[in-house]
Structure formats: structure tokens, C-alpha cells
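Data block below; observations after.
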Amino acid sequence: MAYFLLDLLALGCINAIMVVGLNLQYGYAGVLNFTYYTFVALGAYVAAVTTMGAPPTNFGVEHYALQWALPWPVGLLLAGTAAAVAGLLMLLLTIRRLRSDYLAIVTVSVGFIVWNFITNYIPLFDGSNGIFGIPYILNGAGVDEPTYTAEILAIAAMILAGCLWVSWRIFRSPFGRVLRAVREDEIVAESFGKDTRAAKIWVFVIGSFMAGVAGGLLAFYLTAWSPAAFLPEESFILFAALVIGGSGNYWGALVGAFVIIELLSEISRYLPSFGHASVIGAGRAILIGVVLILILQFRPEGMLPERRLRWYRARALPTGPAQGAPPAGTGALTAAPLDPSMGAGGMPATGEYRSAGARDRLRAIFRRDLG
Amino acid sequence: MLDIRDVGFAYGGAWAVDGCTFVVPKARVTGLVGPNGAGKSTLIEVVSGGLRPRRGTVTFDGEDITGLGRTAVARKGIIRTFQEARILGRLPVIENVMLAAQGQVGESALWSLFGVRRWQAQETALRQRADELLSWLGLGDVRERQAGTLSGGQRRLLDMARALMAGPKLLLLDEPSAGVFPTVAHLIAVRVREIVASGITVLVVAHNMAFLGEIADDVVVMAQGKVLTRGTLDEVRAHQAVIAAYLGT
């Protein structure tokens with residue numbers, strides 16, 4: 001039972017890293033990447049071939065590239081980097097001409113192209129046979145399975161904490177605000193001088209990096225990887241987890257990963273088999289689909305909706321006049337002096353606000369010399 | 001300030017704007033009127049960088065900005081509002097306004113992660129400024145509400161607050177009084193006059209002549225993509241070509 005729980009937690013943490021990365025792309029910026037799991041797979045392959053040496057003979061003839069036999073942390077870093085670079089390339093090729101749903105269609109196409117290429121080009125990752133004998137990390141080869149699982153869990157939990165920190169920081173920052181604006185209405189964001197293209201590229205690269213790292217961890221844990229592990233439906237399960245958990249909320253991503261992927265998906269692997277072998281797999285997909293439909297019907301914002309920043313609800317501030325009753329003359333605005341540290345980006349700090357004529361009032365608000 | 005020279009834009013084969021030429025002088029309110037299909041909103045779209053004209057030039061403060069694109073044009077100081085107030089519904093009102101400020105350090109991905117102290121100081125000042133603007137436009141009480149819950153009139157005011165937050169040199173107002181209660185329209189008119197008094201230039205598209213009468217220093221009349229005439233509101237109202245364009249005679 002303890003091993004079962006450890007296994008669930010380890011896979012849960014790895015899946016959560018994936019969903020947190022997907023949340024950055026879709027939940028924050030609204031970029032629909034229907035081939036997200038391809039980046040997970042790319043990370044898994046890169047982590048495998050950069051940490052493996054020559055093909056082991058006891059698994060038969062294997063063909064794969066690189067064979068660098070690097071230490072596993074380097075392999076994990078390269079896994080994330082490879083996925084990030086792949087994400088960057090994909091977006092650079094498409095973002096100038098495509099938006100929203102068209103971009104989503106391209107991601108599906110890219111996923112099929114990559115899957116078919118990897119499956120059929122054997123020298124790269126041994127085609128449809130896949131790669132076996134991916135080395136255990138730490139001292140995994142010399143310990144029993146529960147201990148190795150606990151070690152993977154510890155590493156995955158630390159990486160997940162880092163990913164959550166990045167998500168939290170981005171959500172609270174002006175960069176996060178630009179991403180949310182891009183998600184809501186890209187034209188509005190552009191009309192206020194925001195570089196929406198750069199914002200989308202950055203968030204796509206960061207999310208892809210997380211996918212690659214999660215894939216690398218998964219490869220080290222399973223010690224095998226093949227095209228059968230990254231069928232297109234895997235991306236949709238991650239989307240289902242995010243939507244049900246609550247897109248735009250990193251806690252929602254976390255809940256979605258554990259509740260949907262683990263409870264509904266992984267637990268079913270341990271159910272006693274009955275009927276045809278495919279019944280449990282099909283039942284799992286149906287169950288996730290039903291839960292997704294129910295959530296979209298009755299709670300479209302997900303189990304944990306996007307949070308409002310408490311930071312904005314700071315202190316009592318002067319309220320304006322009732323709508324429809326314009327203040328006569330002066331005195332509608334009374335405010336404390338601005339923070340003198342304000343000054344970057346064409347917003348020079350000037351003196352305090354004076355409740356005088358219209359010109360002074362506006363000057364005080366804009367903090368710039370309007371000449 | 002803004003010099004529009006022989007600008008033409010066609011949707012397919014139909015010229016929506018056809019050889020438009022006029023100047024918007026600094027620190028004044030210029031009204032842009034005309035019957036439906038006159039090309040006013042297309043022209044606003046061309047000036048704000050949303051559409052690249054097929055011919056002609058748009059010059060702002062002596063610099064050619066023709067076809068620069070929305071982001072680049074906004075960074076020059078030309079900020080627009082929309083015919084349908086396009087608020088960001090899932091964001092709180094105050095975040096809608098704060099978004100618009102230019103030169104935010106924390107909008108860079110790397111600074112957002114590793115330069116927290118720098119952008120947090122700026123955020124404090126921005127929040128204060130956004131609060132002031134919202135109060136000034138009568139939205140102080142709803143600053144924390146989700147923008148999607150605002151009424152039509154409140155959305156118009158939010159659209160304006162957001163545009164002002166961007167620190168515009170030229171403000172393009174597209175139908176700011178459309179579909180709002182007369183008292184809100186009056187509030188908008190009063191505020192527009194105060195904005196102009198602070199040195200900002202305004203080009204406003206409007207159908208509501210009473211509203212335009214409150215704010216416009218002069219009026220450009222368009223019909224069928226061309227400029228018909230220009231003058232004070234009373235002058236253009238008496239112009240035969242304008243009467244013909246509106247009445248279809």
C-alpha cells in the first residue's frame with residue numbers, strides 16, 4: 001500500500017509539473033497547444049539518449065542518437081532545454097500569421113508529424129520499439145523499487161515547487177497581467193503597446209521547458225519510453241485536468257493533476273481486470289470525459305477558479321462620485337503623493353497631486369509634463 | 001499633430017476610405033462625423049495601426065507612422081477606445097486600467113521573475129494612479145469588481161480610464177457616448193474637455209450631435225470614404241453637401 005501511494009504521489013508530482021506548464025500556456029495566455037505532450041515526449045527522449053551510453057546488449061539491438069552518458073541532472077536540464085527550443089521554433093514559425101484556433105490546428109499537425117517521424121526514423125530513438133534501459137538516477141540501481149520511487153518523488157516534488165513558484169511569480173507580475181490580457185483580447189493588449197508576440201513566445205517556451213523536464217523525470221522513473229507513451233490523447237487528458245482543476249489558477253492545475261490524472265486515471269490501472277483488456281482503458285477515458293462535461297456544464301471556471309489578486313485590495317482609497325453625477329469644478333480627486341521611486345519607462349515621478357484646475361488634476365494623474 | 005494625407009483603404013474592391021486628407025491640431029477636440037459607412041471607424045483603425053492603408057500617409061508629430069502596427073503606434077502615444085467597449089471581462093477593473101500604463105518594467109518575463117523589487121515599487125505607484133483615474137471617472141466603487149460585471153455605461157468609462165492610463169498624446173475616441181445614459185454621456189463630455197485642457201489631443205467619432213456640440217472644437221465630415229467639409233458644428237450642419245449626405249438627397 002505504501003508503495004502504491006508513493007507511486008501515485010511520484011506520478012502525481014510529475015503530471016502536476018506538466019499541467020502547471022500547460023496552465024502557463026493556456027490558462028494564463030490562452031495559447032492552445034494541443035500537442036503539449038509531444039514536448040513531454042521530446043524531454044523524455046532527450047533525457048534518455050543524453051544519459052545513456054552505448055545500447056545495452058541484453059535488450060537486443062537498439063538504435064538511438066547521441067549516447068553521451070551524461071550525469072542525470074545535465075540530462076534533465078537538456079530535456080527541458082530541447083523542449084523549450086522546440087517550442088520556440090514552432091511558435092516562431094507560426095505566430096506571425098496565426099492566432100488562437102488556427103495556431104491550435106497547427107499544433108495538432110506538428111504533433112502528428114513529430115510522432116510519425118520518431119516512429120519511423122529508427123536511428124533517432126529506435127522507432128516504434130522505443131528506448132529501454134534508461135539508467136536509474138541517484139543510487140536507483142542498487143535500491144528496491146519503493147526506495148527508488150521515494151527518491152523520484154523527492155526530486156519531482158522539489159521541481160514541482162520550483163514550477164509553482166515561477167507560476168505564482170508570473171501570475172502576480174505585470175507580465176502575468178499582459179498574458180491575461182492576451183488571453184482575453186489580444187487586440188486590446190496591442191492597442192496599449194503591449195508586445196503580445198513576445199509575451200506568448202516567452203510563456204510558450206517556459207511551459208515547454210516544464211513539459212520537457214517532466215518528460216525527463218518520467219523517463220528516469222519508468223526507465224523506458226516509446227511512441228506508444230505519447231499518443232495524442234495524452235495532451236487532451238492534461239487539458240481535461242487543467243479545465244476541471246481550474247485554468248488560470250496554479251492551485252487548480254495542481255488539483256487537476258492529482259484528482260483527474262491520478263484518481264481517475266492511475267487508480268484505474270490497479271482495478272481488477274474484467275472483460276476485454278481494453279475495457280478499463282476505455283472506461284477511464286469515458287469517465288474523464290463525463291467529469292469534464294459535468295464541470296463545463298455546472299462549474300465552467302473549474303474546481304478552483306482563477307484567483308483575484310489580493311494585493312490590489314490594499315487600503316481604503318478615495319472613492320469617486322456617483323456615476324452620472326459629474327463633480328462640479330475641483331476637488332473630485334484627493335490622493336496621497338505618489339511613491340517617489342516611480343520613474344521608469346516614461347513615467348517620471350513628480351510632485352504631489354493638487355486638487356486644482358483640470359490641467360493640474362490631469363497632470364497629477366499622468367505624472368508627465370503635457371506642455 | 002496628426003496629419004492624414006490622401007489615405008485610402010479598401011476591403012476587397014470597395015474603398016471604405018478614399019483619399020482622406022485632414023489635420024488634427026494639438027490640444028483640441030476634432031470631431032469626425034458622417035453617415036453609416038462613411039469610413040470613420042476604418043480611418044480610426046488605419047490611424048491606430050490596425051489596418052495598413054493602400055495609399056497615403058499618416059504622420060504624427062512629424063514622424064511617418066503609416067502601417068506601423070497597433071503596438072508601435074500605441075508606443076508613439078496614440079491610444080484608442082473602441083466602438084464596442086472591449087473590456088477584459090475576467091480581470092478586475094483596476095487591472096484593466098493598470099494594464100494600459102506604458103513602460104512597465106515587470107512586463108518583461110525575466111524582470112517579472114527576478115526583478116521583483118523594481119516592478120513592485122512601480123506597481124504601487126501605478127495602482128495609486130489607476131485608483132485616481134477610476135475615482136475621477138466615477139468608478140471608484142467598482143475598482144475591484146470583475147470588469148465583465150460592469151454595465152454598458154461603466155464599460156465606456158472604464159475604456160476611457162484605461163486609455164488615459166496609457167498617457168496618450170493623441171486620444172482616439174470611437175463613439176464614446178454610444179448606448180449610454182445621457183448623464184453618463186454628459187460626464188464623458190465634461191471629462192473630455194478636461195482632458196483636452198491638460199494638453200492631450202482628441203479625435204472623436206460620434207453620431208450624437210448634442211454630445212459633439214459639448215466637446216468638439218471643430219468637426220470633419222466624411223461621406224463615402226471622403227472628407228466632405230470641415231468647420232464648427234454649426235457651420236457643417238448648414239453645409240449643403242452634409243445635408244445631402246445625411247438625407248441621401
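The values are calculated or read from the model by the stated rules, or taken from the named source; none is laboratory data. Just so it is clear, the structure is predicted and the values come from calculations on it, not from any experiment. Glycine gets a Cβ as well: all are built from the backbone with ideal geometry, and neighbour counts include every protein chain shown. Keep in mind that these areas ignore ligands, DNA and RNA; they rest on the heavy atoms of the full protein, side chains included. Shrake-Rupley method; radii C 1.70, N 1.55, O 1.52, S 1.80 Å.
Only residues that are in a loop (DSSP other than H, G, I, E, B) and without any contact (Cβ under 8 Å) to a residue 60 or more places away in the chain were counted across region B:193-234, and they come to 3. For residue A:184, indicate whether it is acidic (Asp, Glu), within 11 Å of chain B (Cβ to nearest Cβ) and open to solvent by 30 Å² or more (accessible area, probe 1.4 Å). So residue A:184 fits the description; yes.
Looking only at residues of region A:16-72 that are assigned to a loop (DSSP other than H, G, I, E, B) and open to solvent by less than 20 Å² (accessible area, probe 1.4 Å), we find that the one that is modelled with the lowest pLDDT is A:62. Only a single item in (1) out of contact with any Leu (no Cβ under 7 Å at 6 or more places or on another chain); (2) among the acidic types (Asp, Glu); (3) open to solvent by 30 Å² or more (accessible area, probe 1.4 Å) is not met by residue A:126, and it is number (3).
Annotation: residue B:83 fulfils all but one of (1) modelled with pLDDT of 95 or more; (2) more than 8 Å from chain A (Cβ to nearest Cβ); the unmet one is (1).
Can you name every residue in region A:188-197 that is more than 7 Å from chain B (Cβ to nearest Cβ) and over 20 Å from the mean Cα position of the chain (by Cα)?
From region A:188-197, those more than 7 Å from chain B (Cβ to nearest Cβ) are A:189, A:196-197; that's our starting set.
Correct list: A:189 only.
The set of residues in region A:111-170 being charged (D, E, K, R) and within 14 Å of chain B (Cβ to nearest Cβ) consists of A:169 alone.
Within region A:125-140, is there a residue that is in contact with a helix residue (DSSP H, G or I) (Cβ under 7 Å, 6 or more places away or on another chain), at pLDDT 90 or above, within 30 Å of residue A:32 (Cα to Cα) and of a type in the set (A, V, I, L, M)? Yes, region A:125-140 contains at least one residue that is in contact with a helix residue (DSSP H, G or I) (Cβ under 7 Å, 6 or more places away or on another chain), at pLDDT 90 or above, within 30 Å of residue A:32 (Cα to Cα) and of a type in the set (A, V, I, L, M). Filter region B:135-166 down to residues that are open to solvent by less than 10 Å² (accessible area, probe 1.4 Å) and over 17 Å from residue B:82 (Cα atoms), then give me how many there are. Residues meeting the conditions: 5. If you filter region A:154-177 down to residues that are of a type in the set (A, V, I, L, M, F, W, C) and under 16 Å from residue B:116 (Cα atoms), you find that the one that is farthest from the chain's Cα centre (by Cα) is A:175.
With the condition kept exactly as written, say whether any residue in region A:218-233 is in a helix (DSSP H, G or I), closer than 21 Å to residue A:294 by Cα and open to solvent by 30 Å² or more (accessible area, probe 1.4 Å). Steps first, please.
Here is the first cut: in region A:218-233, the residues in a helix (DSSP H, G or I) are A:218-222, A:227-230, A:233.
Still in the list and also closer than 21 Å to residue A:294 by Cα: A:233.
Filter once more, keeping what is open to solvent by 30 Å² or more (accessible area, probe 1.4 Å): A:233.
Yes - at least one qualifying residue is present in region A:218-233.
Condition (residue is among the acidic types (Asp, Glu) and buried (at least 20 other Cβ atoms within 10 Å of the Cβ)) applied to region B:204-227: is it met by at least one residue? Scanning region B:204-227, I find no residue that is among the acidic types (Asp, Glu) and buried (at least 20 other Cβ atoms within 10 Å of the Cβ), so the answer is no. Filtering B:88, B:32 for residues that are surrounded by 18 or more Cβ atoms within 10 Å (Cβ to Cβ), within 18 Å of the chain's Cα centre (by Cα), of a type outside the set (Ser, Thr, Tyr) and farther than 17 Å from residue B:173 by Cα leaves a single hit, B:88. When residue B:187 is tested against (1) crowded, with 17+ Cβ neighbours inside 10 Å; (2) more than 13 Å from chain A (Cβ to nearest Cβ), just one condition goes unmet, and that condition is (2). For region B:132-178, taking the residues that are within 8 Å of chain A (Cβ to nearest Cβ) and charged (D, E, K, R), the one that is nearest to residue B:200 (Cα to Cα) is identified as B:162.
Looking across region B:35-52, the residues that are buried (at least 22 other Cβ atoms within 10 Å of the Cβ), touching a strand residue (DSSP E or B) at 6+ places or on another chain (Cβ under 7 Å) and within 22 Å of residue A:188 (Cβ to Cβ) come down to B:40, B:42, B:43, B:44, B:46, B:47, B:48.
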